[in-house]
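> Structure incoming, see below.
The values are calculated or read from the model by the stated rules, or taken from the named source; none is laboratory data. Just so it is clear, the structure is predicted and the values come from calculations on it, not from any experiment. A quick note on method: Cβ atoms are made from the backbone with ideal geometry, for glycine too, and the neighbour counts reach across all protein chains shown.
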């Protein structure tokens, strides 16, 4: 049996809102030690989502036997809209389930809402992601990165990320012209999440599809910082930390014709 | 501008 209770329904709502525009169907793998993990790749096979909700994400978590819940995220999203952000949210599944029970509890009123979501058999291949040695790692406020991704998409289909030891530069070139934003590393002692950290082994210059970056920054609601790991001619990793665990996006770069 | 790469070339399917 699975029973996972979130202190705030908003956490799962934000997670599903962050991934459902990229992937529609995905398997939620549940286990006592790892909590709930998801790996899903978008139809174009350009963007991969790796989600890890450790048991620490939950106020209470038990999973007696490993199980896989095949979920349609659009349907799950419809049910999650029914609860309030501050409600307790509990996911319940029997062993070998054909449905997932979703329970919202209002903390102040004696109101309990229950929904049952039909599960699906989802055939998906799993990709093995080896730990990569990255050329660069950037940690910055997620709101800043989100603004760049959204603003530059109006100018260009692509966003270039150029990292040197001294700075990270975001650059877009479009029909109307071009633009760039440069950040230099700095440490904000009063607000550590406002700091910008750049670790560089080798400079990189990579180009990514603006459309995918705009899907990725939907997760900015989950964490005030984002870590971007870049390697020449390889997929980039965009990571948002959860209270316990992470939401990661792997995005294949564009190449020169 | 440029050709969009795919993840399959980088990650192994298991």
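> In the range A:131-178, what residues are more than 14 Å from chain B (Cβ to nearest Cβ), touching a residue at least 60 places away in the same chain (Cβ under 8 Å) and within 17 Å of residue A:230 (Cβ to Cβ)?
A:135, A:136, A:137, A:138, A:139, A:140, A:142, A:145, A:149, A:163
> If residue A:128 satisfies all but one of (1) within 14 Å of chain B (Cβ to nearest Cβ); (2) in contact (Cβ under 8 Å) with a residue 24 or more places away in the chain, what's the number of the condition it fails?
(2)
> Mind listing whichever residues of the range A:43-55 are modelled with pLDDT of 95 or more and under 17 Å from the mean Cα position of the chain (by Cα)?
Once the filter is applied, which keeps residues that are modelled with pLDDT of 95 or more and under 17 Å from the mean Cα position of the chain (by Cα), the range A:43-55 yields A:46, A:47, A:48, A:49, A:50, A:51, A:52, A:53, A:54.
> Sticking with this structure for a sec: Just checking, how many residues over the range A:108-125 are away from every other protein chain (no Cβ under 14 Å), in a loop (DSSP other than H, G, I, E, B) and free of Cβ contacts under 8 Å to residues at least 60 places away in the same chain?
So the count comes out to 6.
> Something else: Given the options A:69, A:51, name the one that is buried (at least 18 other Cβ atoms within 10 Å of the Cβ), more than 14 Å from chain B (Cβ to nearest Cβ) and within 22 Å of residue A:114 (Cβ to Cβ).
Checking each option against the conditions leaves just A:69.
> Inspect all residues belonging to the range A:150-171 and state whether any of them is surrounded by fewer than 19 Cβ atoms within 10 Å (Cβ to Cβ) and in a helix (DSSP H, G or I).
Scanning the range A:150-171, I find at least one residue that is surrounded by fewer than 19 Cβ atoms within 10 Å (Cβ to Cβ) and in a helix (DSSP H, G or I), so the answer is yes.
> Taking the range A:203-254 as the search range and keeping residues that are part of a loop (DSSP other than H, G, I, E, B) and in contact with a helix residue (DSSP H, G or I) (Cβ under 8 Å, 6 or more places away or on another chain), which one is nearest to the other protein chains (Cβ to nearest Cβ)?
The selected residue is A:252.
> Could I ask something else about it? Taking the options A:89, A:101, name whichever one is touching a strand residue (DSSP E or B) at 6+ places or on another chain (Cβ under 9 Å) and buried (at least 19 other Cβ atoms within 10 Å of the Cβ).
After applying the criteria, what remains is A:89.
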